[in-house]
Amino acid sequence: QKIVIKVQLMNTSKSRSNAMKIAVGMLGVESAAIGGVNNDQIEVIGDMDPVRLTNLLRKRFCRAELLSVGPVPVEKKEQKKEKKEDPVVPCSCPPYYAYPPPIPMCVACPCEEPSHCSI
């Protein structure tokens, strides 16, 4: 679904980026964009609760108005399908070479002193 929310006091780039962070941070959002005549509207596409998103924006900006909720335009879906059809190029990584495990070595030391024990 496509949701359009009008947010007042979004006149600086910092406030626009804060509004985008809030919109994109919700679960189910596929894309978000700033639009409108004065760049005071946020257009969000995805499967999420529009009332919850509006309330989150109201907490930050005090004035947020839910303008419309509707289906996603057909053109957007076709563009997304075209992007998904791009071929996937396999990764050409070098083969992994493992070193052999170390070989234990036994070293015999001759004893210089004779032992008195016969065992």
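Note down the net charge around R63, summing +1 for each Lys or Arg and -1 for each Asp or Glu among other residues with Cβ under 14 Å from its Cβ.
Overall, the nearby charge balance is +2.
Leaving ligands, DNA and RNA out of it, report the carbon-plus-sulfur percent of the accessible area of region 2-70 at a 1.4 Å probe.
49
Can you give me the distance in nm between label points at K2 and R52, each placed 7 Å from the Cα along the Cα-to-Cβ direction?
Spacing of the two 7 Å Cα→Cβ label points: 2.3 nm.
Report the paramagnetic label zone for V72: residues of region 1-22 whose backbone N is under 20 Å from a point 7 Å from Cα along the Cα-to-Cβ axis.
Only 1-5, 20-22 pass the distance filter.
Take every Cα pair under 8 Å in region 2-70 that's 6+ residues apart, average their separations, divide by the length, and report that relative contact order as a whole percent.
Reported relative contact order: 46 percent.
Can you give the percent of C-alpha pairs in region 2-70 whose distance is more than 15 Å?
That fraction is 41 percent.
With a 10 Å radius around each residue's Cβ, average the other Cβ atoms per peptide and rank 25-37, 4-16, highest first.
In decreasing order of mean packing, 25-37, 4-16 become 4-16, 25-37.
Please give the contour-minus-distance gain from R60 to I103: 0.36 nm per residue of separation, less the Cα-Cα distance, rounded to one decimal in nm.
Additional length available on full extension: 8.8 nm.
The values are calculated or read from the model by the stated rules, or taken from the named source; none is laboratory data. Just so it is clear, the structure is predicted and the values come from calculations on it, not from any experiment. A quick note on method: Cβ atoms are made from the backbone with ideal geometry, for glycine too, and the neighbour counts reach across all protein chains shown. The area values use the complete protein model at the heavy-atom level, side chains included, leaving out ligands, DNA and RNA. Shrake-Rupley method; radii C 1.70, N 1.55, O 1.52, S 1.80 Å.
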